[in-house]
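Report on one structure; see the data block that follows.
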Amino acid sequence: MRRSFILGLVITLACCGCSRTPPPPPAPKITPEVSARQAIEMYDANQDGKIDAREVLECPGLADARERIDSNKDGAIDAQEIAARINYWINSGTITIDGSAEVYRNGAPLAGAEVIFVPEEFLGPDFLICQGKTNDLGEAYVSGVMGVGLYPGIYRIRISKREGGTETLPAKFNSETELGIEISDDIFRPTGIIRIEL
């Protein structure tokens with residue numbers, strides 16, 4: 001009888017022990033209509049209620065996503081269309097997406113570079129800066145959300161490579177970046193890897 005009790009206790013403790021698999025990160029809190037309105041306020045320079053093909057260049061990530069967001073194909077994106085895209089991310093059920101990236105400079109892999117994905121402010125405080133560093137093949141794993149990837153969203157990409165404390169890349173790739181991307185599960189990339197050409 002006593003032996004059975006001890007065996008049962010051991011099995012119970014084993015089943016209640018710590019799992020080796022970390023829990024998935026929580027989904028970010030975001031209100032699509034609020035974020036969409038903020039995006040318009042930030043980038044609608046002529047205040048006509050939409051972000052046109054010229055204005056969208058101030059937000060490289062939205063420029064990357066423009067064709068997917070512009071549902072009526074009028075060449076501009078409005079708050080309703082942006083909110084619809086954010087709702088897609090929420091309803092897709094995808095919490096994070098793998099942030100594998102390859103960085104090339106003049107056609108050659110760029111080693112030792114910091115790869116930083118900065119979420120647009122209008123997404124809200126739950127969206128985190130995600131980063132990684134390229135290896136000799138120019139490959140980097142960009143992560144920030146509990147170390148497992150990136151939330152679907154709109155990001156600016158900053159690539160920095162310093163030597164002796166001095167930035168070696170032009171500002172258009174880092175401090176004044178012109179690089180941006182939408183991260184979403186419905187964007188086809190043949191290798192599943194984000195390729196960045198400088």
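With respect to the conditions (1) farther than 17 Å from A27 by Cα; (2) of a type outside the set (D, E, K, R); (3) touching a Leu at 6+ places or on another chain (Cβ under 8 Å), I116 lacks only one, and its number is (3).
Working only within the stretch 171-192, note down all residues that are open to solvent by less than 50 Å² (accessible area, probe 1.4 Å) and of a type outside the set (D, E).
Hits for the stretch 171-192 are A171, F173, N174, T177, L179, G180, I181, I183, S184, I187, G192.
Candidates are the residues of the stretch 70-99 that are of a type in the set (D, E) and part of a loop (DSSP other than H, G, I, E, B); the one that is modelled with the lowest pLDDT is D98. Cβ-Cβ contacts under 9 Å between residues 6 or more apart (or on different chains), taken from a first residue in the stretch 17-39 that is under 19 Å from I95 (Cα atoms) to a second residue that is acidic (D, E) and at pLDDT 85 or above, are listed as P26/D126; A27/D126; P28/D126; K29/D126; I30/D126; S35/E120.
Those residues that are β-branched (V, I, T) and touching a strand residue (DSSP E or B) at 6+ places or on another chain (Cβ under 8 Å), I need them from the stretch 30-59; list them, please. Within the stretch 30-59, I40, I51, V56 meet the criteria. The listed residues are I196, I129, I157, and the only one of them that is within 25 Å of A83 (Cβ to Cβ) and touching a residue at least 24 places away in the same chain (Cβ under 8 Å) turns out to be I157. Quick one: how many residues across the stretch 142-156 are surrounded by fewer than 20 Cβ atoms within 10 Å (Cβ to Cβ) and farther than 20 Å from T177 by Cα? So the count comes out to 3.
Can you give me the number of residues within the stretch 145-162 that are in a strand (DSSP E or B) and at pLDDT 95 or above? Total meeting the criteria: 9.
The values are calculated or read from the model by the stated rules, or taken from the named source; none is laboratory data. Quantities reported herein were computed from a predicted structural model and do not represent experimental measurements. No Cβ is skipped: glycine too gets one built from the backbone with ideal geometry, and neighbour counts run over all protein chains shown. These area figures cover heavy atoms from the full protein model, side chains too; ligands, DNA and RNA do not enter into them. Shrake-Rupley method; radii C 1.70, N 1.55, O 1.52, S 1.80 Å.
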